[in-house]
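The values are calculated or read from the model by the stated rules, or taken from the named source; none is laboratory data. Just so it is clear, the model here is predicted, and its values are computed rather than measured. Cβ: placed from backbone, ideal geometry, glycine included. Neighbour counts: every protein chain shown.
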Amino acid sequence: MTINKNIQPAMWVHQSRDTQGDMDCVKSIIPEQYDFYFKIFLPIIFENEETGQSRKVTYEQLAALGKVHFEDFFSEQSIPKFITPFITSSAVEDYKMLAKMISILGMETPVIFHGVGEENIPEPFADLWIIEGKMAELLELVSALNKNTKIELVHFPNYIFPLDKSWCFGNLIPKSGLFLLGCNATIAEELRHQQEIEAVELSPEALYFEFPSPV
């Protein structure tokens, strides 16, 4: 993979999304030009301290356990505090979820991976970057981004899109445990009829993330 610091091919994303509104709206992250939008959760693990067993759960199940509504903006921040000590993530499950997304979006699809830079990642990714490649290379790229981390995955490309811009996958909130996808009817149908990935269909105007309350 060749890291390119000339991000011009990715500028259309930033120019097309709504940068004047709140960052917790779908259209503030993904350009408002797609027919369908989904919020996609990374897997989450519930650990039972009494039995020593752990199992994969959905965010919707955690909302029910905490007796709170599963709203559009439901995220890790929304999970009641008495539950959070018992939840964690799993790199193994994350890679499984990403592999499923690769199969839905097309392994051989030529794409651009784009990052806006963040802290605590390998130096080549610390500033704005793009990589041109195929969707199948996502797992290798995620592994490189998380070279300095252990157990869980916390760093991902901020945006992935094909050369024809027929879909756009990404997020700008680090460690949020979720992504947004703008797509066409074919991909939307695949997401609706699969069981491996927890996905919620939203409108461009929907609130998709709950920022933590100021202390």
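Residue selection: Asn120 satisfies the criterion of being over 18 Å from the mean Cα position of the chain (by Cα) and either over 18 Å from Met101 (Cα atoms) or not assigned by TED's automatic domain parsing to the domain that holds Phe169 (or both). When each of Pro124, Pro85 is tested for being assigned to a helix (DSSP H, G or I) and under 25 Å from Met11 (Cβ atoms), the lone residue that passes is Pro124.
Report yes if some residue within the range 144-161 is surrounded by fewer than 14 Cβ atoms within 10 Å (Cβ to Cβ) and modelled with pLDDT of 95 or more; otherwise report no. The answer is no, given that none of the residues of the range 144-161 is surrounded by fewer than 14 Cβ atoms within 10 Å (Cβ to Cβ) and modelled with pLDDT of 95 or more. Within the set Val142, Val200, Val154, the sole residue that is under 14 Å from the mean Cα position of the chain (by Cα), β-branched (Val, Ile, Thr) and over 24 Å from Lys5 (Cβ atoms) turns out to be Val200.
None of Ile112, Ile160 is within 15 Å of the chain's Cα centre (by Cα) and within 27 Å of Ser203 (Cβ to Cβ) except Ile160. Restricting attention to the range 27-76, the residues that are in a strand (DSSP E or B) and of a type in the set (Phe, Trp, Tyr) add up to 5. Go over the candidates Pro31, Pro110 one by one and state the one that is crowded, with 17+ Cβ neighbours inside 10 Å and within 25 Å of Ala188 (Cβ to Cβ). Selected residue: Pro31, the only one of Pro31, Pro110 that is crowded, with 17+ Cβ neighbours inside 10 Å and within 25 Å of Ala188 (Cβ to Cβ).
Scanning the range 71-128 for residues that are farther than 16 Å from Thr58 by Cα, in contact with a Pro (Cβ under 7 Å, 6 or more places away or on another chain) and modelled with pLDDT of 90 or more yields Thr109, Pro110, Val111, Ile112, Phe113, His114, Gly115.
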